[in-house]
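The values are calculated or read from the model by the stated rules, or taken from the named source; none is laboratory data. For clarity, every value in this text was computed on a predicted model and none was experimentally measured. Every residue, glycine as well, gets a Cβ built from its backbone with ideal geometry; the counts of neighbours run over all protein chains shown. Just so you know, the surface numbers come from the protein's heavy atoms only, side chains and all, with ligands and any DNA or RNA stripped out. Shrake-Rupley method; radii C 1.70, N 1.55, O 1.52, S 1.80 Å.
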Amino acid sequence: MDQNISLLQNIITNSNQIVFFGGAGVSTESGIPDFRSVDGLYHQKYAYPPETILSHTFFMDHPAEFYEFHRDKMIYRNAKPNDAHIKLAELENIGKLKAVITQNIDGLHQAVGSKNVLELHGSVHRNSCMRCGKQYDANYILNSLGVPTCACGSLIKPDVVLYEESLDQDILKKAVQYISEAEVLIVGGTSLNVYPAAGLIQYYHGKKMVLINKSSTPYDAHADLIINSPIGETFQKIVLK
Ligand code: ZN
């Protein structure tokens, strides 16, 4: 076992007050690419950059184009949770992990049994009518053609936070509280460059901060342990006891 893994193992074994904060990198090993890593094929298919398509204005003005992108790039029906999702759910189950705070909208933490998941950017699995509030699941969106509409005839919007929209203040407040009370904070799969990730980390005043990310982050100097490896691969080596 390499030294960083045994250090992480010790940190996890010795704390019952762990909080996990994760980003897109947590799901890449499940086959969900970060939409920010734009490829050439993407450019051939879409006339706008993802940041434009995923904005509130674009959604309201071009719902058909928005939903074409949303079905194609944001919903991954066949994605399976990886060892990071699985071990985090087990850590919560045995009482060591208090919360998962995620920037992902794929629902993979809940799919494998995590209960206390704070979804900063919402979820593709919840969609609601903009007029009457009726709820629809991701399959309804995937199986609809063009712009999905409610039984009442109105437009359905995914419960995901689009550009130009603000985060849910209650979820943000809870995230701040969990981070500020954490003894151990494990940050994974995020470069900590995107709001609100960097801001939230500043509320941490615990004993051990672990960063697990394929590349370096602006917070490396604050970390007690840095593991530059894929997070699923890392968690796969951790033994829960
Ligand atoms: Zn409705």
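Could you identify the single residue in ASN127, ASN193 that is within 19 Å of GLY23 (Cα to Cα) and in contact (Cβ under 8 Å) with a residue 24 or more places away in the chain? Answer to the selection: ASN193. Checked against (1) open to solvent by 70 Å² or more (accessible area, probe 1.4 Å); (2) within 16 Å of the ligand (Cβ to nearest atom); (3) not basic (Lys, Arg), ALA111 meets all criteria but (2).
Got at least one residue in the range 131-138 being out of contact with any strand residue (DSSP E or B) (no Cβ under 7 Å at 6 or more places or on another chain), in the same structural domain as ASN10 (by TED's automatic domain parsing) and either assigned to a loop (DSSP other than H, G, I, E, B) or open to solvent by 30 Å² or more (accessible area, probe 1.4 Å) (or both)? The answer is no, given that none of the residues of the range 131-138 is out of contact with any strand residue (DSSP E or B) (no Cβ under 7 Å at 6 or more places or on another chain), in the same structural domain as ASN10 (by TED's automatic domain parsing) and either assigned to a loop (DSSP other than H, G, I, E, B) or open to solvent by 30 Å² or more (accessible area, probe 1.4 Å) (or both). Tallying residues that are of a type in the set (Ser, Thr, Tyr) and open to solvent by 40 Å² or more (accessible area, probe 1.4 Å) within the range 192-228 yields 4. The lone criterion from (1) within 8 Å of the ligand (Cβ to nearest atom); (2) in contact (Cβ under 8 Å) with a residue 12 or more places away in the chain left unmet by GLY133 is number (2). Being modelled with pLDDT of 90 or more, within 29 Å of ILE227 (Cα to Cα) and either polar (S, T, N, Q) or within 21 Å of the chain's Cα centre (by Cα) (or both) is not true of GLY95.
Within the range 99-118, being touching a helix residue (DSSP H, G or I) at 6+ places or on another chain (Cβ under 7 Å) and not in a loop (DSSP other than H, G, I, E, B) holds for ALA99, VAL100, ILE101, THR102, LEU108, HIS109, VAL117, LEU118. ILE156 meets all of the listed conditions (1) surrounded by fewer than 17 Cβ atoms within 10 Å (Cβ to Cβ); (2) within 13 Å of the ligand (Cβ to nearest atom); (3) among the aliphatic types (A, V, I, L, M) but one, namely (1).
Conditions tested, residue by residue: (1) open to solvent by 10 Å² or more (accessible area, probe 1.4 Å); (2) in the same structural domain as SER15 (by TED's automatic domain parsing); (3) on the phi < 0 side of the Ramachandran plot.
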| site | (1), (2), (3) |
| --- | --- |
| PRO63 | yes, no, yes |
| TYR67 | no, no, yes |
| ILE86 | yes, yes, yes |
| LEU91 | no, yes, yes |
| LYS96 | yes, yes, yes |
| LYS115 | yes, yes, yes |
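If you go through the range 1-16 and keep only what is touching a helix residue (DSSP H, G or I) at 6+ places or on another chain (Cβ under 8 Å) and surrounded by 15 or more Cβ atoms within 10 Å (Cβ to Cβ), you end up with ILE5, LEU8, ILE12.
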